[in-house]
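Coordinate-derived values only; no laboratory data. For clarity, every value in this text was computed on a predicted model and none was experimentally measured. Note that we place each Cβ from the backbone using ideal geometry, even for glycine, and neighbour counts take in every protein chain shown.
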Amino acid sequence: MDHSEPVRRPAPAAGELLTIGAFAARARLSPKALRLYDRLGLLAPAQVDEVTGYRYYRADQIERARLVFLLRRLDMPLARIAEVVERQEADGAGAADLVAAYWADVEERLAGQRTLAHYLRGRLSGRSSELYAKFEIRTVDVPEQWVITETRHTLVDELPLWIPASLGRLEEAAGECGGSTGSPFTVYHSVVSDESDGPVECCVPVADVAAARAWAAEHARAWGAAARLEPARRLAYTRITKAQVAAPQIHAAYEAVEAWMAREGHSYAGPCREIYFTDWDAATPEDEACDVAFPITPG
């Protein structure tokens with residue numbers, strides 16, 4: 001076995017052109033990977049011989065080649081890789097922020113998938129009762145309150161976009177209606193799934209009834225806006241994390257509340273709802289963020 005020291009070659013000058021093989025060796029990548037990066041528009045050769053088709057690279061492209069390789073190991077989409085490598089050349093801190101934002105999105109998705117896998121294991125193994133036992137069910141009496149609302153027929157895949165947009169409009173409008181007086185919530189007046197479109201109603205409690213009615217009249221046609229009195233209710237609810245809010249794993253929370261209602265002999269007194277009591281954008285996937293609730297008539 002040869003235990004001699006490896007040959008140490010001097011680093012090439014920044015303007016020196018390297019063959020694809022030499023460049024690949026310097027960048028610790030394969031020529032196949034470099035051809036792929038070129039085809040994807042992420043790293044073009046500095047020069048291509050028109051006769052032979054040979055590719056040549058500059059030594060100062062090595063850092064970009066290695067960065068592209070590392071970003072692909074994160075399964076980052078090509079468009080975002082291009083954004084990072086372009087930013088890195090002018091603003092390293094800005095490029096780092098882009099990577100941090102991407103990874104935060106990944107961790108949120110993984111937390112949701114982890115919760116979904118737990119939900120599916122419970123359902124498929126026939127241990128739904130054990131799954132429900134993980135949810136703590138509580139009750140609360142909520143006084144009557146005036147709310148401004150938007151109502152829409154929507155399928156389940158559209159909810160993650162529509163609900164934040166609708167609540168954002170309503171919370172902004174609450175400033176014109178004496179301010180918000182409670183947590184925003186969403187009411188499901190009928191089933192929302194891949195085939196059933198609700199309707200769904202987003203609600204924000206407000207202080208000024210007259211201003212709320214005026215606002216609703218102005219926006220009724222464009223947004224399906226309304227102002228109404230939400231009656232006093234007793235709610236049975238369970239608190240879930242941000243990761244658990246995604247469909248279909250959120251169904252476990254709904255089913256847990258319904259199973260508890262059946263055991264306690266309570267009956268339904270209105271449509272189910274989700275109450276968002278925290279800053280959604282600032283919450284991490286593991287933070288408690290939502291109450292899944294049913295209005296009940298005590299048995």
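With point charges of +1 on the Cβ of Lys and Arg and -1 on the Cβ of Asp and Glu, referenced to the Cα centre of the chain, which listed residue (A211, L155, H118) lies farthest in the positive direction of the dipole?
Of A211, L155, H118, it is H118.
Using the 10 angstrom Cβ neighbour count as an exposure proxy, how do L18, L78 rank, fewest first?
Working: L18 21, L78 14.
Ranking L18, L78 by Cβ neighbours within 10 Å, fewest first, gives L78, L18.
Treat the count of other C-beta atoms within 10 Å as a stand-in for reagent exposure and order E107, E136, E255 from fewest to most. Walk me through the numbers before you get to the answer.
Numbers: E107 14, E136 10, E255 17.
If I rank by nearby Cβ atoms, fewest first, I get E136, E107, E255.
I need to check one value: relative contact order of the stretch 76-234, counting alpha carbon pairs closer than 8 Å and at least 6 residues apart, in percent. Before the final figure, lay out the partial values.
On the way: 211 pairs, mean separation 40.8, N = 159.
Rounded, it is 26 percent for the stretch 76-234.
Can you give me the angle between helix 92-124 and the longest principal axis of the chain, using Cα atoms only, in degrees from 0 to 90, rounded to the nearest 10?
Between the helix axis and the principal axis of the chain, the angle is about 50 degrees.
For the stretch 191-273, what does the relative contact order come out to in percent, with C-alpha contacts under 8 Å and a separation of six or more? Intermediate values should be presented prior to the final figure.
Values: 25 pairs, mean separation 11.0, N = 83.
Computed over the stretch 191-273, the figure is 13 percent.
To the nearest 10 degrees, how steeply does helix 209-223 sit against the main Cα axis of the chain, on a 0 to 90 scale?
50
Measure nothing but the geometry: give the 0 to 90° angle between the long axis through the Cα atoms of 62-73 and the longest principal axis through the Cα atoms of the chain, rounded to 10°.
Helix 62-73 and the main axis of the chain meet at about 40 degrees.
Taking Cα pairs under 8 Å and at least six residues apart, what relative contact order does the chain come out at, in percent?
Values: 476 pairs, mean separation 48.0, N = 299.
The value is 16 percent.
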